[in-house]
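I'd like to ask you about the structure that follows.
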Amino acid sequence: MVFQLMATHPSTARMALQWQRANLFQTWTKNSSRNSTTRYYELLAVWKRNYARMYARRVLEIAAASAASYRLKTQMEAAIEQPSEWVDWQKKDWEETAMATLGKTKLSRFWMASRRLINLALLSSPLLVLMPLSHVSTTAKDVTWRYALWGIEQAGPTWIKLVQWASTRHDLFSPEFCVYFGKLRDETEGHSWKETKRILEEEFGAAQDVIEMETTPIGSGCIAQVYRGRLKKPTALYPANTKIAIKVQHPGIWTKVCVDFYLLHKVTSFLEGIPRLSLQYLSLGDTIRQFRNSMLPQLDLTLEASHLTRFNKNFANDEQVGFPEPVNDLTSRHVLVETFCEGTPIMEYTKPGTPKQEREQLAMLGLKTTLKMIFLHDFVHGDLHPGNILVTGKYPKLKMQLLDCGLVLEMGPEQHVNLVKILGAFTRKNGKLAGELLVDLKSDSQAGPKEMDVFIRGMVEICKMDDDSNFIEKVGDYIADICYLACSNRVKLEGAFVNASLAVEIMEGLASALYPDMRVQQVALPLIVQAEVMHRLGMH
């Protein structure tokens, strides 16, 4: 019994030794003969030796456990490596490139911006008449919606992207708005086959004989339209007859996009300059710059090819997530050739009659994929609406094919650490820490000690709103509350935090349509822990 106690803990072993020593002493006092005294010291020596052995064994066990724990942490850190692209990481700022398109003088920029503004004003002016009539006539209402949809398509890629994003925000816009403009996520007006032939001839010349393609596009987005085809001849990596998709950029969109971002920058600067609105604390200017720096690369399809390569590398060990593979030999700035992905649109699985287990698996898979991109890869598909997700395979081996990887979001190592800390604090319901991190992110925050305290207490209340819920479960609602608190207390929010939260909210909305009872926390928390390990947060 004493040996068992000694093996449990050194302090317990000491108590056991003292107890045994007391027993021996009592025995000796009852029998004070020389033999009993000799026997007492002999037994005491035996107990001392046994104690020393057990204590040494316990110390070695603790040392071994510590070494094993350290090795485990080291292995986790080695296994969860930071993105290799972070080495000498520097995000390109596209402002100089965009401004060069507008001309070198203020006069030329003003002229181009004015022409674009007049064009947008003419497109939107019929709505000034149609919108009042839509409240009194169902016919006028239908015409208003159809004209608004047509007008957005004519306005160009920047506005289509903005409306595509808005149509996913059911917390901000009406169901009618989201349903109607949701059509822009699936199909927009394209260009003619004649224009496609001209672009192919300009980009490839005689090399276009390598591919065979249909003359009717299978889809059209705001940047380009896609044709189905096959390789007539083998390339470096793909044999003849490989099924391919040919993405051809719409002509003349570069200038439109550059001028649009110039106008958006001027508008946000004006709005942030109005003192009573306090909009500068929402980082609208930062968000527009991030949007610009994410969208302009889409107009160079060689960059989308590199995105596909990186996505395929990031998910190389995931058999349930796939991306098209670029055919680099046949890709240029205005044409992207990639392997063809077939499958069922994911929205088909939201229809009645779909087996529950399939819906649940797809919901969990979609959310886990998005969170992996955010927390582990820092390379987020910025256009993950349902129209860009196909499903192949059969349960339980369903696979998601993610298309249209031109728009991506990246934060870089410093911002990524901050994001992991903030979302980790929110997920663990540590509102005080989340609030402190949000306040400390921006050095130009004008919040005083009192405003900071109010903002932090607001974050604590957000975490207490629903003990059964979690920040990521209701990220759309909580983002609105955080933005309100930021404006009212002059706290500058990090644009990367808002963008990442919205990416989660968009995918969470799709996942909820598939599996309404899904708990996001059980997917998010393990990935947040892995991200903390990757950044060595709290590991030492």
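The values are calculated or read from the model by the stated rules, or taken from the named source; none is laboratory data. A quick note: this is a predicted structure, and the numbers were derived from the prediction, not measured. Here the Cβ is made from the backbone with ideal geometry for all residues, glycine too, and neighbour counts use every protein chain on show.
Let's see how each residue does on (1) within 18 Å of the chain's Cα centre (by Cα); (2) within 29 Å of GLY252 (Cβ to Cβ); (3) surrounded by fewer than 18 Cβ atoms within 10 Å (Cβ to Cβ); (4) of a type in the set (Phe, Trp, Tyr):
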residue	(1), (2), (3), (4)
ILE288	yes, yes, yes, no
LEU308	yes, yes, no, no
VAL321	yes, no, no, no
ASP329	no, yes, yes, no
GLN361	no, no, no, no
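A further question on this structure: Please work out which residue is nearest to GLN290 (Cα to Cα), limiting yourself to region 79-97 and to residues that are in contact (Cβ under 8 Å) with a residue 60 or more places away in the chain and assigned to a helix (DSSP H, G or I).
GLU95
Give me the residue from region 130-153 that is exposed (fewer than 14 other Cβ atoms within 10 Å of the Cβ) and closer than 23 Å to LYS256 by Cβ and, out of that set, nearest to the chain's Cα centre (by Cα).
Here the residue is TRP150.
Right, another one. Here is a list: LEU390, LEU433. Which entry is outside any loop (DSSP other than H, G, I, E, B), in contact with an Asp or Glu (Cβ under 9 Å, 6 or more places away or on another chain) and aliphatic (A, V, I, L, M)?
Exactly one residue qualifies, and that residue is LEU390.
Now for a different question. Show the residue pairs that are 6+ apart or on different chains and have beta-carbon atoms under 7 Å apart, the first residue being within region 335-355 and under 14 Å from LEU390 (Cα atoms), the second being of a type in the set (A, V, I, L, M) and surrounded by fewer than 18 Cβ atoms within 10 Å (Cβ to Cβ).
THR350/ALA513
Quick one: LYS183 ticks every box in (1) basic (Lys, Arg); (2) assigned to a helix (DSSP H, G or I); (3) modelled with pLDDT of 90 or more except a single one, so which number is it?
(3)
Scan ILE389, ILE374 and give me the residue that is outside the structural domain of GLN249 (by TED's automatic domain parsing), at pLDDT below 90 and of a type in the set (A, V, I, L, M). First the steps, then the outcome.
Values: ILE389 fails: at pLDDT below 90.
When all the criteria are applied, what remains is ILE374.
Which of the helices (runs of 4 or more DSSP H) found entirely inside region 458-540 contain at least 1 residues meeting this: modelled with pLDDT of 75 or more and among the acidic types (Asp, Glu)?
Correct list: 475-489, 521-534.
Collect the residues in region 111-129 that are loosely packed, with under 13 Cβ neighbours inside 10 Å and not polar (S, T, N, Q), keeping them in residue-number order.
Passing the criteria: ARG115, ILE118, ALA121, LEU122, LEU128, VAL129.
Residues to consider are PRO234, PRO217; find the one that is within 22 Å of LEU403 (Cα to Cα) and in the same structural domain as ASN119 (by TED's automatic domain parsing).
PRO217
Counting only residues that are assigned to a loop (DSSP other than H, G, I, E, B) and touching a Lys or Arg at 6+ places or on another chain (Cβ under 8 Å), how many does region 319-341 have?
Of the residues in region 319-341, the ones assigned to a loop (DSSP other than H, G, I, E, B) are 319-320, 323-325, 327, 331-334, 340-341.
If we keep only those that are touching a Lys or Arg at 6+ places or on another chain (Cβ under 8 Å) too, we end up with 319-320, 340.
Result for region 319-341: 3.
Here are LEU123, LEU117, LEU128, LEU133: which of them is assigned to a helix (DSSP H, G or I) and out of contact with any helix residue (DSSP H, G or I) (no Cβ under 9 Å at 6 or more places or on another chain)? It would help to see each step written out before you state the result.
On the way: LEU123 fails: out of contact with any helix residue (DSSP H, G or I) (no Cβ under 9 Å at 6 or more places or on another chain); LEU117 fails: out of contact with any helix residue (DSSP H, G or I) (no Cβ under 9 Å at 6 or more places or on another chain); LEU133 fails: out of contact with any helix residue (DSSP H, G or I) (no Cβ under 9 Å at 6 or more places or on another chain).
None of the other options fit; the residue is LEU128.
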